[in-house]
Amino acid sequence: MTIERNVTSTDTEPELDALYADLAAGELQPLWTITQELLTPTPRPKAIPWLWRASMMRPLAERAIRLVPVERGGERRVLSLANPGLNGLPHAAGTLWGALQCLGPRESAPAHRHSPGAIRFVMEGEGVWTTVNGDACDMHPGDLVLTPGWYWHDHTNAGDGNMFWFDGLDLPMIQALDAVFFEPHPEFQQAVDGPHNKSEAAHPDDAAKFLPGQVDTALDPSPSPLLVYRWSDTSARLARLRAETDEAMVSVEFTNPDSGASVLPTLACAAHRLGAGATLPVRRTGNAVYVVFQGEGTSVIDGQRFEWRTGDMFVVPSWSAVEHHGTGDADLFSISDTPVLRALGIHREQHLDAPQRITGTFAGAAEGARP
Ligand code: 1HN
């Protein structure tokens, strides 16, 4: 696109060149030269659709368990999903952190707190709990555990096997807001007051823990007082929904049982059960990271096919069209920044009425980059 200038006389060219040089020297930028890259007709996230295979991550996590101890300073054995569109940042998408965390037998990760909020979705292993502000939350596969911003948390593996879970954080968002605080706990581990799972015992009503579809109530600046959501409850809720509809996929959002809002002010968590059949494509503002809890299927993201199976993780960047194709029975977990977009009045959703035209199949690093 050419920029029309009011003054085109070649006499002024040297003056204009001097103007641009002096603007640059003065740390000023003329908007008229950058308007179109700033004001794009639709969002252009730098993060690209991407998938990390369990078959690639799992052996690397096992090597890390053998070679790298969990210590103060490093704090966690976490393999972060580093989206290739983000120039080496350890972020899954512009606003979201996603990772695979692992603990070996009888290992603990030290207590600390930080302003970014986090969730854990357990993929594999037993014998682990996360202590969250003194409440030891036992972790079993499929469970969701919340560690809200500025809550003390540490992880303990009292079992004999390795443990693997997905970490989702709002860290990139909190970094963008220049609001990151971190503090190590004075002790390696927090004291556990009383029995395990106190928040769970205080919130026995399963119905209040889930909402079919997506939460659209006002953002609650307080996190959910319930810190752990059990897979048996999630699965039962999905099964009930499945029985009530013939849709290819049913979804529930985990909710704050007191307010009905998303579990954290910055993060929404959802579970999805995909049968045989396909969903129609949808685009949403905001980023999402998906974790395949069990099963296999295909998601089409902006025309590209992503074939996934148990343990894989993939990213759907803002405003990418996404549709899911099932093979029979698969369960997915996802996080998104939707509560923030809704609170700021910039959430948009567009449902497309026909499947996308397929332009390629994701094969990993070799063909993943956006053209
Ligand atoms: C963190 O504290 C944990 O507590 C996991 O398990 C992942 C990623 C970035 C920053 C802090 C944890 C993290 C993290």
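The values are calculated or read from the model by the stated rules, or taken from the named source; none is laboratory data. Keep in mind that this is a model prediction, so the values were computed, not measured. We place every Cβ from the backbone using ideal geometry, glycine too, and count neighbours over all the protein chains shown. Heads up: the accessible areas ignore ligands, DNA and RNA and are worked out on the full protein's heavy atoms, side chains in. Shrake-Rupley method; radii C 1.70, N 1.55, O 1.52, S 1.80 Å.
Report note on the peptides 353-359, 220-226, 56-62, 257-263: ranked by the mean count of other C-beta atoms within 10 Å, highest first, their order is 257-263, 220-226, 56-62, 353-359.
Projecting label points 7 angstrom from Cα along Cα→Cβ for residue 216 and residue 294 puts them 3.3 nm apart.
For region 42-91, the spread of Cα positions along the three principal axes, ordered from largest to smallest, is 45, 28, 13 Å. Sorting the Cα pairs of region 269-329 by distance into bins of 10 Å, from 0 upward, gives 23, 61, 16 percent per bin. Looking at region 1-112, the pairs of alpha carbons with a distance over 16 Å make up 75% of the total. In the chain, the DSSP-assigned H stretches of four residues or longer account for a calculated mean residue ellipticity at 222 nm of -4500 deg cm²/dmol, using -39500 (n - 2.57) per stretch and the full residue count as denominator. Counting heavy atoms of the protein chains alone, residue 302 has an accessible area of about 70 Å² for a 1.4 Å probe.
Applying a DSSP loop filter and a limit of 12 other Cβ atoms within 10 Å to the trypsin sites (Lys or Arg not before Pro) in region 21-126 leaves 72, 106.
Along the charge dipole of the chain, Cβ charges K/R +1 and D/E -1, which of 235, 41, 317 sits furthest on the positive end? So the residue we want is 235. For GluC sites (Glu not before Pro), the sites in region 104-210 that DSSP calls loop and that have at most 16 other Cβ atoms within 10 Å are 126, 187. The 3J(HN,Hα) values that the Karplus relation (6.51, -1.76, 1.60; θ = phi - 60°) gives for region 237-250 are, in residue order, 5, 5, 5, 5, 5, 4, 6, 8, 9, 10, 5, 5, 9, 10 Hz. Gly and Pro appear as x.
I'd like the distance separating the alpha-carbon centroids of region 173-193 and region 27-48, in whole Å. About 35 Å separates the Cα centre of region 173-193 from the one of region 27-48.
Based on C-alpha pairs under 8 angstrom that are at least 6 apart in sequence, the chain has a relative contact order of 16 percent. Across every pair of different alpha-carbon atoms, what Kirkwood hydrodynamic radius in Å does region 230-288 reach? Radius from the Kirkwood sum: 13.0 Å. Here, region 72-114 is characterised by an Rg to Rh ratio of 1.05, where Rg is the alpha-carbon radius of gyration and Rh the Kirkwood radius. At an R0 of 41 angstrom, the distance between the Cβ atoms of residue 246 and residue 64 translates into a FRET efficiency of 0.40.
Given Cα pairs under 8 Å that are at least 6 residues apart, what percent is the relative contact order of region 74-161? Across region 74-161, relative contact order equals 29 percent. Could you give the dipole magnitude of the chain about its Cα centre, charging the beta-carbon of Lys and Arg +1 and that of Asp and Glu -1, in debye to the nearest 20? Roughly 740 debye, rounded to the nearest 20. Kirkwood radius, region 215-363, all distinct C-alpha pairs, inverse of mean reciprocal distance: 15.9 Å. Note on region 304-351: Cα-Cα pairs beyond 12 Å make up 73% of the total pair count. With only Cα atoms counted, region 44-173 has Rg and Dmax values of 14.4, 46 Å. Counting only heavy atoms of the protein chains and using a 1.4 Å probe, residue 139 has close to 0 Å² of accessible surface. Near the amide H of residue 123, within less than 5 Å, lie the amide hydrogens of 142, 164, 165, 166, all on another chain or at least 5 residues away, with H placed in the peptide plane. Our summary of shape: the Cα atoms of region 130-224 have principal axis extents of 41, 37, 26 Å, ordered from largest down, in whole angstrom. Sequence-distant contacts, meaning Cα pairs under 8 Å at least 6 residues apart, place the relative contact order of region 23-149 at 17 percent. Taking a point 7 Å out from the Cα of residue 197 in the direction of its Cβ, the residues of region 242-266 whose backbone N falls within less than 20 Å of it are 254-258. Each peptide in 25-31, 228-234 gets a packing score, the mean of other Cβ atoms within 10 Å over its residues, and the list from highest to lowest is 228-234, 25-31.
Assign one of three labels to the chain, namely rounded, prolate or oblate, based on the Cα gyration tensor with a ≥ b ≥ c the square roots of its eigenvalues; rounded applies when a/c is under 1.5, prolate when it is not and a/b is larger than b/c, and oblate otherwise. The shape class here is prolate. Look at the dipole of region 64-192 built from charges on Cβ: of 162, 79, 145, the Cα furthest out on the positive end belongs to 79. Rounded to the nearest 20, the size of the Cβ-charge dipole of region 258-371 about its Cα centre is 300 debye, with Lys and Arg at +1 and Asp and Glu at -1. Taking the Cα centre of region 186-328 as origin and assigning +1 to Lys and Arg Cβ atoms and -1 to Asp and Glu Cβ atoms, the resulting dipole is close to 240 debye.
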